Amino acid sequence: MDTADAKLHYRVHGLDCAEEIAVLKQAVGPVVGGEENLSFDLVNARMTVLAQDKHLDRSDAILAAVKKAGFRGESWTEDSSRTTIWERRGRLITTGSSGALVVAGLAFEYRLLGVSANASGLATHEPPAGAIACYLLAVVLGAWFVIPRAWLAAKRLRPDMNLLMTVAVVGAIGIGEWFEAAAVVFLFSLSLTLESWSIARARRAVERLMELAPNRARRLLPDGREEEVRPDQINVGDRVLVKPGERIPVDGSVTAGAGAVDQSPVTGESIPVEKSPGDTVFAGTINGDGALDVACDKPASDSTVARIIRMVAEAHSSRAPSEQWVDRFARIYTPAVIALALAVVVLPPITLGDDWGLWFYRALVLLVIACPCALVIATPVSIVAALASAARRGVLVKGGAHIETPARLDVVAFDKTGTLTRGRPIVVDVVPLRDHNEKQLLGRAAALEARSEHPLARAIVARAKETGIAFEPAESFRSIKGRGALGRVQGREFWLGSHRYLEERGQDTDDVHDRIESMSAAGRTVVVVGNEDHVCGLIAIADAIRPDAPAALQELRALGVHRFVMLTGDNMGTARSIASQLGIDDVRAELLPEDKVEAIADLVSIGAVAMVGDGVNDAPALARSSLSIAMGAAGSDVALETADAALMSDDLMALPWLVRHSQRTLRTIHQNIGFALLVKAAFVVLTVLGHASLWAAIAADTGASLLVIFNALRLLRVRSQVARNP
């Protein structure tokens, strides 16, 4: 093995967020020759080390560094995915307990000090011993996973959000603000728990993807016998038999048989695709009404479904995490405040000969007012309120980072089937020919399709019933695999089928041919109905546009989204027809999942991109986008688990609502941060001038924290109506 290209893989238990990746890079980077030798897969909690020669025997040192950073690591094996209850639920337990203890501490104060005392401000009263005990336990539990990271950041002189939060809590405890310290810890812990939860859902998505491919396959032996094996035992060139209604186990080519295959799990096509010898089929797709003999073209490890699984994981790990502004600010703010306090203590007495005690007091006031409680709490409480408000509106947003992204969107990419359209075919046009009328044409077609479960057949039967046409199933019915059907209706033989079947019967004419080509170019599937003498008429079937789609796109454009893109596995004619009706700028059709990922990667390079989809085939593209949004009620489980947000009501008008809500959330966060910094700056000036007292600093800090909280809680008010004007 070429050791220069070898890699060492480790499972890191408890790896749930981008911030923890940064912590691990700081801890493990020096051991492996630099952070550039590390890569991470958040979805699978895997850390990969480029195993250069000098690292091949350093596994113990690498694992020791992982442990020092506060995690448990082990060499990667298939069994290493097993975790303890504490590793799976530890964050939830500590966060929930911290919140409960904050409430218990408040209950102690209200009971022993009285409501009036608390309403006037906790800062003027020493909390009772029971309340202090509750607050202290809340701090310990809430900061259980934070303190090791903060200590590591302090030792490496690289301040981060963990260190900033720790400084805030220590400062609050130092001035007796026990409630404030506990509340800050709880809210910060809650934000980390939400991020951990979103990664856990992504892991479940990958597990459900694996369920798409069947566990068993029928391999055909040279002597014609069948042998049941696992898909990973099938070699390239082997032939497998796929019976009607079964999932296809491998990627391959049809060698015998014909029928319709539902490819929606992979390509998103709304209508089953007819397959005949020579056509390609994909693992995980569903065979229709005809048995297929399929020759394996790729091993199971390289099938389309396997590639989807890999792409979902890689997209989650490669997406660069955007650091919170407060986290970046903390790297400057925390050391700057400490340096300024030291300067206030030392410089005036040395340079001006002033009293050391006076300036020490002023430095203490400076540290108190600089305690970043309001600054730290500004973002988490706003995010929590915004997430709760969105959930009430039927929009599930999985974490704070994703609630801010909609406000900055430049491009929205849509899957077609099930997202912009209803996801099921309906009859959109009936064209009688010769001396036939619409009622006769639909009645005969419905009679021929009465017992079929094909989606096109169901659409024709449904249209006949909607228009009140009575019909009986055709007599002497015969199905022609992959082409059409024959039967007797009211004593006369009629047939129904595709354009290809019409040509095979020799009944195609120039006029009929031109009509079919025109309808097909508009993205419609054409069913031809005829008898032994002539063509009776044409029935056009298509996937209908959602009624709320035009208004939703119009609202999004008004909110600043300047480009819409359609990404679909359907044919170009269908895609262009839908796009022209909705005013979509860019159409990309006949795409496989990897093609959609490439398209999203191309779009992401020019701005923030949201991908909206509902199918398994959309999962990799959803994971690669800046913001992934799944259609909730009708969407696949994999799309829902992969997405950053889900529209649980399947209401496209929730998209512009989400953008407005995100903009409102960002305004609130900016207001809170701006107000907190303004109060700090004002008191810094007053302190240096000698006009601020310790008690005034405490009151200002507490007041700023409370005002920030109250302002953030305004986000809980749900604005259910999507207004035309902000």
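Mind checking whether some residue in the range 375-387 is at pLDDT below 90, in contact with a His (Cβ under 8 Å, 6 or more places away or on another chain), crowded, with 24+ Cβ neighbours inside 10 Å and part of a helix (DSSP H, G or I)?
Yes, the range 375-387 contains at least one residue that is at pLDDT below 90, in contact with a His (Cβ under 8 Å, 6 or more places away or on another chain), crowded, with 24+ Cβ neighbours inside 10 Å and part of a helix (DSSP H, G or I).
So if I check each of L655, L556, L622, which one is surrounded by fewer than 24 Cβ atoms within 10 Å (Cβ to Cβ), at pLDDT 80 or above, touching a helix residue (DSSP H, G or I) at 6+ places or on another chain (Cβ under 6 Å) and assigned to a helix (DSSP H, G or I)?
So the residue among L655, L556, L622 that is surrounded by fewer than 24 Cβ atoms within 10 Å (Cβ to Cβ), at pLDDT 80 or above, touching a helix residue (DSSP H, G or I) at 6+ places or on another chain (Cβ under 6 Å) and assigned to a helix (DSSP H, G or I) is L556.
Given the options A601, A619, name the one that is out of contact with any His (no Cβ under 7 Å at 6 or more places or on another chain), more than 18 Å from D251 (Cβ to Cβ) and of a type in the set (A, V, I, L, M).
Residue meeting the stated conditions: A601.
For the structure I just gave you, tell me whether V254 is assigned to a strand (DSSP E or B), at pLDDT 85 or above, over 25 Å from the mean Cα position of the chain (by Cα) and not assigned by TED's automatic domain parsing to the domain that holds T417. Reasoning before the result, please.
Numbers: assigned to a strand (DSSP E or B): yes; at pLDDT 85 or above: yes; over 25 Å from the mean Cα position of the chain (by Cα): yes; not assigned by TED's automatic domain parsing to the domain that holds T417: yes.
Yes.
Determine, yes or no, whether G73 is modelled with pLDDT of 80 or more, in contact with a helix residue (DSSP H, G or I) (Cβ under 7 Å, 6 or more places away or on another chain), surrounded by 14 or more Cβ atoms within 10 Å (Cβ to Cβ) and not in a helix (DSSP H, G or I).
yes
Would you check if R524 is within 28 Å of D570 (Cα to Cα) and in contact (Cβ under 8 Å) with a residue 24 or more places away in the chain? Spell out the reasoning first.
Details: within 28 Å of D570 (Cα to Cα): yes; in contact (Cβ under 8 Å) with a residue 24 or more places away in the chain: yes.
Spelling it out, R524 is indeed within 28 Å of D570 (Cα to Cα) and in contact (Cβ under 8 Å) with a residue 24 or more places away in the chain.
Looking at the structure I just gave you, is R444 within 26 Å of D511 (Cβ to Cβ), surrounded by fewer than 15 Cβ atoms within 10 Å (Cβ to Cβ) and in contact (Cβ under 8 Å) with a residue 60 or more places away in the chain?
It is false that R444 is within 26 Å of D511 (Cβ to Cβ), surrounded by fewer than 15 Cβ atoms within 10 Å (Cβ to Cβ) and in contact (Cβ under 8 Å) with a residue 60 or more places away in the chain.
So which residues in the range 456-475 are in a helix (DSSP H, G or I) and surrounded by fewer than 18 Cβ atoms within 10 Å (Cβ to Cβ), if there are any at all?
Passing the criteria: R458, A462, K465, E466.
Based on what the data block shows, is I338 modelled with pLDDT under 80 and either out of contact with any Pro (no Cβ under 9 Å at 6 or more places or on another chain) or aromatic (F, W, Y) (or both)?
Criteria met by I338.
Based on what the data block shows, is A202 buried (at least 16 other Cβ atoms within 10 Å of the Cβ), of a type outside the set (S, T, N, Q) and at pLDDT 85 or above?
no
Considering only residues that are among the polar types (S, T, N, Q) and surrounded by 20 or more Cβ atoms within 10 Å (Cβ to Cβ), look in the range 559-576 and name the one that is nearest to A459 (Cα to Cα). Before the answer, list the steps.
If we filter the range 559-576 for residues that are among the polar types (S, T, N, Q), which is where we start, we get 568, 571, 574.
Among the residues that remain, those that are also surrounded by 20 or more Cβ atoms within 10 Å (Cβ to Cβ) are: 568, 574.
Working: T568: 22, T574: 17 Å.
Of everything passing the filter in the range 559-576, T574 is nearest to A459 (Cα to Cα).
Go over the candidates S318, S276, S303, S322 one by one and state the one that is surrounded by fewer than 17 Cβ atoms within 10 Å (Cβ to Cβ) and modelled with pLDDT of 70 or more.
Just a single option satisfies the conditions, and that option is S276.
Check L112 against each of (1) at pLDDT below 80; (2) not in a helix (DSSP H, G or I) and name the one condition it does not meet.
Checking L112 against (1) at pLDDT below 80; (2) not in a helix (DSSP H, G or I), the one that fails is (2).
Are any of the residues in the range 476-488 in contact with a helix residue (DSSP H, G or I) (Cβ under 9 Å, 6 or more places away or on another chain), modelled with pLDDT under 90, in a helix (DSSP H, G or I) and surrounded by 17 or more Cβ atoms within 10 Å (Cβ to Cβ)?
no
Right, D570: among the charged types (D, E, K, R) and either part of a loop (DSSP other than H, G, I, E, B) or touching a Cys at 6+ places or on another chain (Cβ under 8 Å) (or both) or not?
It is true that D570 is among the charged types (D, E, K, R) and either part of a loop (DSSP other than H, G, I, E, B) or touching a Cys at 6+ places or on another chain (Cβ under 8 Å) (or both).
Looking at A51, is it modelled with pLDDT under 75, surrounded by 15 or more Cβ atoms within 10 Å (Cβ to Cβ) and out of contact with any Gly (no Cβ under 9 Å at 6 or more places or on another chain)?
yes
Please go through the range 501-525 and pick out each residue that is at pLDDT below 85 and in a helix (DSSP H, G or I).
Selection gives S520, A521.
The values are calculated or read from the model by the stated rules, or taken from the named source; none is laboratory data. Everything quoted here is computed from the prediction, not taken from an experiment. Cβ: placed from backbone, ideal geometry, glycine included. Neighbour counts: every protein chain shown.
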